[in-house]
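Input: a single structure, listed below in structure tokens.
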Ligand code: FES
């Protein structure tokens, strides 16, 4: 049976807004959906004076609902401050589209997760995080659960690609269940560095391959 989409979902899917890349983006994040393995990459450009999002673009490797939600969520955040953008949820995006079928909710969650990850990364990167809690093992795992294995679209925690993590004295050491000749090793390494390097109390990240 075909999935019942609203007219607006179909419009945004057929002619999505804000598709593409921002070359000099302040942040770029790739997020994968644990539900389906689809992925989305989001770029933000922020005015450092006003903290307003002056440009936002996305690339989706997902389904029609994901493309439509990413299209509308990028429309919603454009011109908003980074703090306002943080409060936009998948529900806001789904509502703005006139609703999504329940089976497709995870697709809008994926777009919203990418937005929230990008906002968090921007705040960390620019030293704007107000609650400076010491980095814990839980925090590192939480961050790693947003690093996607491009081969499957599933994050590296769920994919059991992490052998161990150690945090202490400003140093994070991660042992991965991957060999150096794994096709996407550089992407995964880069993404881990990007997600962890702006934590305020971290000065060194070591990634060891033990696959
Ligand atoms: Fe994967 Fe929609 S089914 S994003």
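Of the three principal axes defined by the Cα atoms of the chain, the extents in descending order read 53, 45, 28 Å. In this label model, residue 14 and residue 54 are separated by 3.5 nm, measuring between points 7 Å along each Cα→Cβ vector.
Between residue 187 and residue 133, full extension at 0.36 nm per residue minus the direct alpha carbon distance yields a gain of 16.6 nm. Taking the DSSP beta bridges with both ends in the chain, the antiparallel portion is around 75 percent. The modelled label-to-label distance between residue 197 and residue 91, using points 7 Å beyond Cα along the C-beta direction, is 3.7 nm.
When all alpha-carbon pairs of segment 33-102 are counted, what percent fall beyond 13 Å? The calculated P(r) of segment 33-102 puts 66 percent of pairs beyond 13 Å. Using only Cα positions of segment 147-211, each an equal point scatterer, no hydration layer, compute I(q)/I(0) via Debye at q = 0.20, 0.23 Å⁻¹ and quote the log10 values to two decimals. Taken in order of the listed q values, log10 I(q)/I(0) reads -0.77, -1.00. When shorter helices are ignored and each DSSP H run of at least 4 residues is given -39500 (n - 2.57), the per-residue value for the chain at 222 nm works out to -10500 deg cm²/dmol. Could you tell me how far the Cα centroid of segment 109-128 sits from the Cα centroid of segment 25-101, in Å? So the separation of the two Cα centres works out to 10 Å.
Bear in mind that the values in this text are calculations on the coordinates, not laboratory data. This structure is a prediction, so every number in the text was calculated from the model and none was measured. Reconstructed Cβ throughout: ideal geometry from the backbone, glycine too, with neighbour counts over all protein chains shown.
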